[in-house]
Amino acid sequence: MSEGSPPQRKPWTSTPLLESRKLSGKAGCRVFLKLENTQPSSSFKSRGIGNYMLSNLQQHQNAASSSQNIHFYSSSGGNAGLACVTTAVFLKCKASVVVPTSTDQDMITKLREAGGTDIIIHGDSWFYADKYLRETVMEAAKARGETAIYVPPFDHPLIWEGASTMIDEMVDQMDERPDAIVCSVGGGGMFSGIMLGLDRHGWNKGQPVQVLAVETNGADSLAQAVAKKEWVTLPAITSVAKTLGALRVAENAFKEALRDHVSTVVVEDSEACSACWHFANDQRYLVEPSCGASLSLIYNGALKKYVKNFGPNSKVVVIVCGGSGISLEKLDAYRNDYGF
């Protein structure tokens, strides 16, 4: 970029931070909602994956590669794949996604409609989809002369850097630092970014901002790792919150979670799904159970248990991380299944 040229537009947006009087009344404190569900891909993934892809595009363009020859590749049956596709369209590049056979048809349709170059169905889990992507699909692309770039779902410093921009925005959006931030954890990319942003702005010093890292039972690889003080791998994901379904969190996320001002919280699927339904009724937004996990601390009264010196003036930011794997029909099914 030449000196004096305008800054390049980013493939993510600055999202609103709204204080919700209704949810504040339910929680017994001041609740602020960081609306990451309003990102181009409908989830926070636009930040981290957007930053990763933008940085790689600039690197290859500086190396005299044509952007028309750059092809991004992701293995994801959910939000990471959708963020990859929407970002690629923004950057005027190609993007293909390998999804496991467990991916529902609605998500496959969304990936295609969002502009995916090719959506390939292979393997009965993310592990096998990813292996096929790396060893077969990308190798064939390179043999065709493409500049094939792998897009990881969560475990890369550029992804954490992108996620950290939500803290940059909070610093400008709030009069003073919050008492706590509540975020859902899958692989740990967003959580790692939040910790990075808090450090950058000094919000982890003095009286640090508490971070509540929330998972669902059956997708709680971080909580189990913290409890055992060692990096663990789950044998399987049994939670309905499949987009939290990392068998093992990023090592950086595990290390960050050992800090004194971080608390891991595990909720039941029924609580996460109930929160999705109530949040849609209260705020008119549809979000996945992976997001409902964090919101459930408002509805089940658990904030007072985890937020130090909790009271009506406590300021709690909940990251509404969003997600595209949700519909009115699914909300109704959750309500029937769990009876809330």
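Side notes on the structure shown:
- In the set (1) part of a helix (DSSP H, G or I); (2) more than 19 Å from ASN37 (Cα to Cα); (3) of a type in the set (A, V, I, L, M, F, W, C), the condition left unmet by MET170 is number (2).
- Index of the failed condition, PHE32 passing every other in (1) outside the structural domain of ILE326 (by TED's automatic domain parsing); (2) in contact (Cβ under 8 Å) with a residue 24 or more places away in the chain; (3) outside any helix (DSSP H, G or I): (1)
- Residue within the stretch 231-238 that is at pLDDT 95 or above and of a type outside the set (A, V, I, L, M, F, W, C) present: no
- Some residue of the stretch 62-70 being at pLDDT below 95, of a type in the set (Ser, Thr, Tyr) and not in a helix (DSSP H, G or I): yes
- A count restricted to the stretch 109-126 and to residues that are under 19 Å from the mean Cα position of the chain (by Cα) and in a helix (DSSP H, G or I) stands at 3.
- Residue list for the stretch 292-316, restricted to those being within 16 Å of LYS22 (Cα to Cα) and within 23 Å of the chain's Cα centre (by Cα): LEU295, SER296, LEU297, ILE298, TYR299, ASN300, LEU303, LYS315, VAL316
The values are calculated or read from the model by the stated rules, or taken from the named source; none is laboratory data. What you see is a predicted model, and the numbers here were worked out from it, not measured in a lab. Cβ: placed from backbone, ideal geometry, glycine included. Neighbour counts: every protein chain shown.
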